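The values are calculated or read from the model by the stated rules, or taken from the named source; none is laboratory data. The shown structure was predicted, so the numbers you read here are calculated from the model rather than taken from an experiment. Heads up, the Cβs are rebuilt from the backbone with ideal geometry, glycines too, and the neighbour counts pull from every protein chain shown.
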Amino acid sequence: MLVNRHKLRNGLRIVHHFNQRTGNVTLNMLYGAGSRNETGNKTGLAHLLEHLMFCGSKNIPDFDAPLEKIGGTSNAYTTCDITNYYLTLPKENVETGFWLESDRMLNPNLGAKSFNIQKQVVLEEFKQGLNEPYGEVQQMLKSLCYTIHPYSHDTIGLTLGQVNNLTLPDAKAFFKKYYHPANAVLSVTGNVEWDNVLQLSEKWFGNIPGKRSFASDDIAPEPIQTSAREATRFADVPQNSVYKAYHICNCTDDDFFICDLLSDILANGKSARLRQALVYEQKLFSTIDAYVGFHFDPGLLVIAGRLCDNVLPDEGAAAIDAQTRKLCEETVPESELEKCKNKYEMNALTSRFDLEQTAADLALYELIGRPDYVDGMVGKYCKATPDDVLRVARKIFRPANCNTLYYLKK
């Protein structure tokens with residue numbers, strides 16, 4: 001993929017990929033600030049600020065109104081590591097996107113009225129999540145796995161009380177610290193030439209105050225887990241569930257891709273090990289899944305399963321342990337590994353046709369200092385060997401590295 005890159009004097013990084021097969025353009029503004037950057041009891045602040053960034057700016061009272069007039073769309077999301085804003089619009093109106101993003105970077109409407117409204121919106125979102133079956137599982141799992149690292153709380157916040165106690169000065173301080181050119185990446189994909197992107201970037205962002213670089217927060221690493229942890233919760237849910245989480249490396253470590261392959265070997269597709277053995281053959285679980293988190297700091301590989309009726313939680317947990325132990329004792333057959341690699345290659349090819357996904361990927365890889373991931377990520381999966389899988393499995397599927405959560409019916 002041909003990718004153009006440039007850095008403005010104020011530190012804003014510009015990334016571009018031209019695609020003439022579409023009539024649209026996507027602008028993706030990524031800020032290197034998420035829930036990991038929240039301090040003390042200020043949890044949920046990054047997510048609340050995301051809401052506030054759609055409340056208009058100095059020259060644009062209604063952020064979405066100019067987009068709607070030209071048939072454009074916008075959205076955003078917050079993770080533990082980043083906050084990402086993106087909009088897609090017709091190529092003829094591309095400058096509207098630059099105008100919108102630059103004005104809210106420089107002059108967002110962080111007023112008392114919009115703050116109070118959006119805080120109530122977020123509190124309702126929080127309550128709705130808690131009222132969903134299994135709605136508190138992710139928070140419980142994170143709290144179990146992380147003892148000091150800010151990955152220990154959900155993006156929406158640790159508690160309703162902490163979110164309710166957030167203030168407008170908190171939001172303004174977070175914005176001032178993190179929402180500036182040197183901590184952001186603007187990626188542009190679609191039917192717009194590079195020269196035009198450079199000209200518009202300089203016109204709309206070049207005069208925003210900033211500096212060439214920004215030192216990210218020095219976050220204390222999570223201590224190495226030395227013994228297994230376990231927690232049990234009884235709740236109003238239809239099925240008993242078992243969750244197992246293991247600490248893994250961060251997203252810039254080459255072993256991350258082996259961890260991702262392990263999650264697919266375990267649960268991606270009907271023929272995957274956990275599904276074949278524990279769902280179809282032993283009939284212990286009705287559903288089971290495994291996934292990894294693409295995080296700046298060491299993340300987790302999580303296995304999540306819903307138990308069939310009359311299956312004891314300990315029995316389900318032991319069955320999962322038997323499957324992970326097998327990965328530590330025997331090399332994975334080449335054919336099984338190749339099947340997983342083929343899925344990554346296919347997913348990589350299809351994602352290139354998605355403007356918004358491409359823009360998000362370009363911005364993220366630029367932010368973490370791994371632009372080689374644009375074309376090289378599939379290669380990292382494909383070069384993995386059965387011995388690599390065995391080595392990493394032995395590293396992460398240790399009893400002392402395991403966190404088990406039983407989420408059971410009352």
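Conditions tested, residue by residue: (1) in contact with a Lys or Arg (Cβ under 6 Å, 6 or more places away or on another chain); (2) over 22 Å from Val188 (Cα atoms); (3) in a loop (DSSP other than H, G, I, E, B).
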position: Thr43; (1), (2), (3): no, yes, yes
position: Ala46; (1), (2), (3): no, yes, no
position: Asp62; (1), (2), (3): no, yes, yes
position: Ser74; (1), (2), (3): no, no, no
position: Tyr86; (1), (2), (3): no, no, no
position: Leu89; (1), (2), (3): no, no, no
position: Glu95; (1), (2), (3): no, no, no
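Quick one: which residue in Gly56, Gly40, Gly71 is of a type in the set (Gly, Ala, Ser) and within 20 Å of Glu356 (Cα to Cα)?
Being of a type in the set (Gly, Ala, Ser) and within 20 Å of Glu356 (Cα to Cα) holds for just one of Gly56, Gly40, Gly71, which is Gly71.
Provide a single number: the residues in the stretch 362-384 that are farther than 20 Å from Asn268 by Cβ and not in a loop (DSSP other than H, G, I, E, B).
10
Of all residues in the stretch 230-244, how many are of a type in the set (D, E, K, R) and more than 17 Å from Lys142 (Cβ to Cβ)?
Summing the residues that are of a type in the set (D, E, K, R) and more than 17 Å from Lys142 (Cβ to Cβ) in the stretch 230-244 gives 1.
Kindly indicate which of Asp388, Asp321 is farther than 21 Å from Thr252 by Cβ and either at pLDDT 95 or above or surrounded by fewer than 16 Cβ atoms within 10 Å (Cβ to Cβ) (or both).
Unique residue meeting the criteria: Asp321.
Any residue at all in the stretch 39-54 that is of a type outside the set (A, V, I, L, M, F, W, C) and on the phi > 0 side of the Ramachandran plot?
Within the stretch 39-54 (the criterion being of a type outside the set (A, V, I, L, M, F, W, C) and on the phi > 0 side of the Ramachandran plot), the answer is yes, since at least one residue qualifies.
Could you go through the stretch 83-95 and let me know if any residue there is touching a strand residue (DSSP E or B) at 6+ places or on another chain (Cβ under 8 Å) and charged (D, E, K, R).
yes
Looking for something in contact with a His (Cβ under 6 Å, 6 or more places away or on another chain), more than 22 Å from Phe214 (Cα to Cα) and in a helix (DSSP H, G or I) - is there at least one such residue anywhere in the stretch 105-118?
Yes, the conditions are met somewhere in the stretch 105-118.
Scan the stretch 259-269 and tell me whether some residue there is within 30 Å of Thr39 (Cβ to Cβ) and under 22 Å from the mean Cα position of the chain (by Cα).
The answer is yes; a qualifying residue exists.
Among the residues of the stretch 133-146, write down those that are among the hydroxyl-bearing types (Ser, Thr, Tyr), in a loop (DSSP other than H, G, I, E, B) and over 15 Å from Cys402 (Cβ atoms).
Answer for the stretch 133-146, where residues must be among the hydroxyl-bearing types (Ser, Thr, Tyr), in a loop (DSSP other than H, G, I, E, B) and over 15 Å from Cys402 (Cβ atoms): just Tyr134.
Of the conditions (1) modelled with pLDDT of 95 or more; (2) surrounded by fewer than 18 Cβ atoms within 10 Å (Cβ to Cβ), Gly97 satisfies every one except a single condition; which number is it?
Failed condition: (2).
Has the stretch 178-189 got at least one residue that is touching a Leu at 6+ places or on another chain (Cβ under 7 Å) and more than 16 Å from Ile82 (Cα to Cα)?
Yes.
Considering only the stretch 185-232, how many residues are closer than 30 Å to Tyr246 by Cα and among the hydrophobic types (A, V, I, L, M, F, W, C)?
The total comes to 6.
Could you go through the stretch 12-22 and let me know if any residue there is touching a residue at least 12 places away in the same chain (Cβ under 8 Å), closer than 16 Å to Asn191 by Cα, out of contact with any helix residue (DSSP H, G or I) (no Cβ under 9 Å at 6 or more places or on another chain) and among the polar types (S, T, N, Q).
Within the stretch 12-22 (the criterion being touching a residue at least 12 places away in the same chain (Cβ under 8 Å), closer than 16 Å to Asn191 by Cα, out of contact with any helix residue (DSSP H, G or I) (no Cβ under 9 Å at 6 or more places or on another chain) and among the polar types (S, T, N, Q)), the answer is yes, since at least one residue qualifies.
If you check Lys395, Lys339, Lys343, which single one turns out to be within 30 Å of Ala76 (Cβ to Cβ), part of a helix (DSSP H, G or I) and of a type outside the set (A, V, I, L, M, F, W, C)?
One residue alone meets the criteria, Lys343.
Out of Leu390, Leu349, I need the residue that is part of a helix (DSSP H, G or I) and closer than 18 Å to Asn19 by Cβ. Which one?
Among Leu390, Leu349, only Leu349 is part of a helix (DSSP H, G or I) and closer than 18 Å to Asn19 by Cβ.
Of the conditions (1) closer than 19 Å to Leu362 by Cβ; (2) at pLDDT 95 or above, Met1 fails just one. Which one is it?
(2)
One residue is enough: does the stretch 13-21 have a residue meeting the conditions assigned to a strand (DSSP E or B), among the aliphatic types (A, V, I, L, M), assigned by TED's automatic domain parsing to the domain that holds Trp194 and crowded, with 24+ Cβ neighbours inside 10 Å?
In the first step, residues of the stretch 13-21 are kept if they are assigned to a strand (DSSP E or B); the result is 13-18.
Keeping just the survivors that are among the aliphatic types (A, V, I, L, M) gives 14-15.
This time we only want the ones that are assigned by TED's automatic domain parsing to the domain that holds Trp194, so: 14-15.
Narrowing the set further to residues that are crowded, with 24+ Cβ neighbours inside 10 Å leaves 15.
Within the stretch 13-21 (the criterion being assigned to a strand (DSSP E or B), among the aliphatic types (A, V, I, L, M), assigned by TED's automatic domain parsing to the domain that holds Trp194 and crowded, with 24+ Cβ neighbours inside 10 Å), the answer is yes, since at least one residue qualifies.
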